[in-house]
């Protein structure tokens, strides 16, 4: 990540505004490029999930390989809140966030003292346990059938209620959530709290020995990333109009890791966004030609880990730095001669 | 009563007893040294004293309060800090950023999510002052990976200093340094001595004997000798073990 | 009541010895490489799939044209599978080691991510070739079926599996402790720098040990196939017990791994006896318990292969 002393104080940066422009106008041009509106919602939902996830992986260096479970928990929580308590959009989304955050907080109690391989294996174990519970607790989750008929709740704004049933309307709900969340997460990662996270990734021991309660920081960032996953899960339940167990499997938990690293989550706030977009483009464009597109995505991941772990965003940053350096050099030469 | 006391420390790893009945006392305002051959248990001792490991038996007291087995961050909050023998720096950061994060005022805001980082000019000034003290003036913006070995050693101490400790533990600060850098380091430590109590593990006997007020010798996990440098020069074990020419 | 558990205990023993074999391969790799091979389970699964291809003409691959080969008796094909399977998996393992070389000396997080990615890729490769449906390995009639002894039904295959695994563990022990190659591997596990200084090619040692560890996983996969079934997701379920075993048994200890393996196998099999659905889950719960209460650092390991 960029050096701390260059951090911006701005709340709305150029990249954020650019993302608003691109995502805000998406329904108008998505079909012109041969894709479809629902894809836009899918992308934004996974972007939200990925941005929350990257707080863990890219910023704090904690490899959670079971995070798909929390996306699933968020979806189920949304559905159950809708059916059992109150079919109000804000309430159900809040329920998804709080319930998933609570699961995250409880899980993190086991994880916060660990890092590296122990952390990774524990997250795999928890992911599989939650997956198992979701598929067996059929009274609540309806097991392999899934929780069906989750409605796309309308947006209550005082006297008015905005419908979200259609793909374009639903897309704009997702966009609104994204627009708010991206600003919050941007501030968070550029705050003192974010700085401590980045230090933990570089040298956890030293952070403890300069006086920070590292275990608590790790617990808090895990819980936070799960809360964000819950939010994405709630939107996901509406998108699919159902909650299913498949996203809680290890395979899907692995896909978020692929997305985030390939995009450049280790070095850039926007890495996860790039990774998610690339994944869905690969799925829909490559997938039309070959069934093994996910295999290629996985191989790309391995190649990047080996040669360019800073991912696509990192490669982009490198290019920018090199062209800037090249432009400066000729000027210096003439100065020396002059 | 000494500023820092360890009594009856005992530590084993698996079947191996690494520390046995360690008693140490460090007086305020002094530089206390710890020496001994490799594998004697010096760094393990440091790790127990600074909270990295819990002792199986025994107690550690700082300024009268029992800090045995306390988590490292709590010990730091009480005014103890340490540098590491194998350097523990933030490799992606500049020298300045390494120091800034260790400052108590920055630590106090560690949970703030709204405070703007680069508006913190006071923190930056303090960090620059620390870097100046350890001889890194002008190198503040340089990335750690681009610093020379000697500069990184200086930064290692700088980060520990930044926490504004009353008691500073320094683990083999001269490791790998050439004569010039070692001389500069000796000057730095002499200057630090005037404001901070220091406890230092060192292999370089000339270095240690020129700076320390008292030295404890650890061998086979026990304190086998203790005294001023002059007293230790007469100690038969020290003379026999030939730990670097003291003649 | 306890007597009724005897078949389950036998199952547990067979399962445990196979887990131990898997864990020993896992440990060998850690010994010379300090890498936790998250793809170990996928290599385990791959072994089963290769055996499937060798044994059955409709085992997912278009080998039906090799009719004369498939006309061979099942026993012969099974023997071939037991050789070809570990060989193929060993080669894949060596390929993985070559990929891992780029991550040596960097943040261990990258090695972890790479083996994780490899596990996913291997699973996808298996899915692309064989699909996601479940297969069954056709085993020779001599070792299948069951028999009745004293009012209880025992599975012949489980006995065979237990004996085979025990034999393999014995052979491995002899190899590590009585042959010069084994001595080099043990030395390399203890101090890789020294081994290099003594003139051994450390790079080649790591490559071969990784391949060997992978091959052990492959064999375990083949023997386990009739017990667990052949599915692409089996890979994940296999890394967990391997890890639990080495944490319980201690990274350095050969017989610690064997006894821990038997213990884990018994836990899984006995859980299956009472709560069939929960047997796989018991492994994950065991991992949580073990890591929470007993994890010692895997770094600072003593020699991996001290018996």
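The values are calculated or read from the model by the stated rules, or taken from the named source; none is laboratory data. Bear in mind that the values here come from a model prediction, so they are computed numbers and not experimental data. Positions of Cβ are generated from backbone atoms using ideal geometry, with glycine treated the same way; all protein chains shown enter the neighbour counts.
Could you check how many residues of the stretch C:203-231 are surrounded by fewer than 23 Cβ atoms within 10 Å (Cβ to Cβ) and either closer than 21 Å to residue C:55 by Cα or in contact with a strand residue (DSSP E or B) (Cβ under 6 Å, 6 or more places away or on another chain) (or both)?
5
Table: residues versus (1) free of Cβ contacts under 8 Å to residues at least 12 places away in the same chain; (2) surrounded by 22 or more Cβ atoms within 10 Å (Cβ to Cβ); (3) on the phi < 0 side of the Ramachandran plot.
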{"residue": "A:11", "(1), (2), (3)": "no, no, yes"}
{"residue": "A:21", "(1), (2), (3)": "yes, no, yes"}
{"residue": "A:40", "(1), (2), (3)": "no, yes, yes"}
{"residue": "A:49", "(1), (2), (3)": "no, yes, yes"}
{"residue": "A:55", "(1), (2), (3)": "no, yes, yes"}
{"residue": "A:71", "(1), (2), (3)": "no, yes, yes"}
{"residue": "A:74", "(1), (2), (3)": "no, yes, yes"}
{"residue": "A:93", "(1), (2), (3)": "no, yes, yes"}
{"residue": "A:98", "(1), (2), (3)": "no, no, yes"}
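With outside any loop (DSSP other than H, G, I, E, B) and within 12 Å of chain A (Cβ to nearest Cβ) as the only criterion, which of B:113, B:48, B:76 stands out?
B:76
Taking the stretch B:95-110 on its own, how many of its residues are part of a loop (DSSP other than H, G, I, E, B) and more than 7 Å from every other protein chain (Cβ to nearest Cβ)?
So the answer is 1.
With within 14 Å of chain B (Cβ to nearest Cβ) and surrounded by fewer than 22 Cβ atoms within 10 Å (Cβ to Cβ) as the only criterion, which of A:204, A:161 stands out?
A:204
Among (1) under 17 Å from residue A:298 (Cβ atoms); (2) at pLDDT 90 or above, which single condition is residue C:93 missing?
(1)
Taking the stretch A:256-278, which residues are touching a residue at least 60 places away in the same chain (Cβ under 8 Å), surrounded by fewer than 23 Cβ atoms within 10 Å (Cβ to Cβ) and part of a helix (DSSP H, G or I)?
Selection gives A:277 alone.
Yes or no: the stretch C:215-230 includes at least one residue that is within 19 Å of residue A:118 (Cβ to Cβ) and touching a residue at least 40 places away in the same chain (Cβ under 8 Å).
no
Restricting to the stretch A:173-201, and then to whatever is in a helix (DSSP H, G or I) and at the interface with another protein chain (Cβ under 7 Å from one of its Cβ atoms), can you tell me which residue is surrounded by the most Cβ atoms within 10 Å (Cβ to Cβ)?
It comes out as A:199.
Which of the residues that make up the stretch A:58-70 are more than 16 Å from residue A:219 (Cβ to Cβ) and in a helix (DSSP H, G or I)?
Of everything in the stretch A:58-70, those that are more than 16 Å from residue A:219 (Cβ to Cβ) and in a helix (DSSP H, G or I) turn out to be A:58, A:68, A:69.
Looking for something within 21 Å of residue C:279 (Cα to Cα), within 11 Å of another protein chain (Cβ to nearest Cβ) and out of contact with any strand residue (DSSP E or B) (no Cβ under 8 Å at 6 or more places or on another chain) - is there at least one such residue anywhere in the stretch A:142-151?
No, the stretch A:142-151 contains no residue that is within 21 Å of residue C:279 (Cα to Cα), within 11 Å of another protein chain (Cβ to nearest Cβ) and out of contact with any strand residue (DSSP E or B) (no Cβ under 8 Å at 6 or more places or on another chain).
Have a look at B:186, B:154 and point out the one that is in a helix (DSSP H, G or I), under 18 Å from the mean Cα position of the chain (by Cα) and closer than 20 Å to residue B:100 by Cα.
Exactly one of B:186, B:154 is in a helix (DSSP H, G or I), under 18 Å from the mean Cα position of the chain (by Cα) and closer than 20 Å to residue B:100 by Cα, namely B:154.
Considering B:131, B:168, B:136, which residue is part of a helix (DSSP H, G or I) and either touching a residue at least 24 places away in the same chain (Cβ under 8 Å) or more than 14 Å from every other protein chain (Cβ to nearest Cβ) (or both)?
None of the other options fit; the residue is B:131.
State whether one or more residues within the stretch A:79-94 are closer than 27 Å to residue A:192 by Cα and in a helix (DSSP H, G or I).
Scanning the stretch A:79-94, I find at least one residue that is closer than 27 Å to residue A:192 by Cα and in a helix (DSSP H, G or I), so the answer is yes.
Can we say residue A:81 is closer than 26 Å to residue A:257 by Cα, surrounded by fewer than 24 Cβ atoms within 10 Å (Cβ to Cβ) and without any contact (Cβ under 8 Å) to a residue 40 or more places away in the chain?
no
Any chance the stretch A:103-116 includes a residue that's more than 14 Å from chain C (Cβ to nearest Cβ), over 26 Å from residue A:163 (Cβ atoms) and either buried (at least 20 other Cβ atoms within 10 Å of the Cβ) or free of Cβ contacts under 8 Å to residues at least 24 places away in the same chain (or both)?
Checked the stretch A:103-116: at least one residue is more than 14 Å from chain C (Cβ to nearest Cβ), over 26 Å from residue A:163 (Cβ atoms) and either buried (at least 20 other Cβ atoms within 10 Å of the Cβ) or free of Cβ contacts under 8 Å to residues at least 24 places away in the same chain (or both).
For the stretch A:230-240, indicate whether the set of residues that are on the phi > 0 side of the Ramachandran plot, in contact (Cβ under 8 Å) with a residue 12 or more places away in the chain and more than 8 Å from every other protein chain (Cβ to nearest Cβ) is non-empty.
No.
Only one of (1) touching a residue at least 60 places away in the same chain (Cβ under 8 Å); (2) under 19 Å from the mean Cα position of the chain (by Cα) fails for residue A:284. Which number is that?
Single failed check for residue A:284: (2).
Only one of A:231, A:197, A:235 is in contact with a helix residue (DSSP H, G or I) (Cβ under 6 Å, 6 or more places away or on another chain) and farther than 30 Å from residue A:37 by Cβ. Can you tell me which?
Step by step, each of A:231, A:197, A:235 is checked, and only A:197 is in contact with a helix residue (DSSP H, G or I) (Cβ under 6 Å, 6 or more places away or on another chain) and farther than 30 Å from residue A:37 by Cβ.
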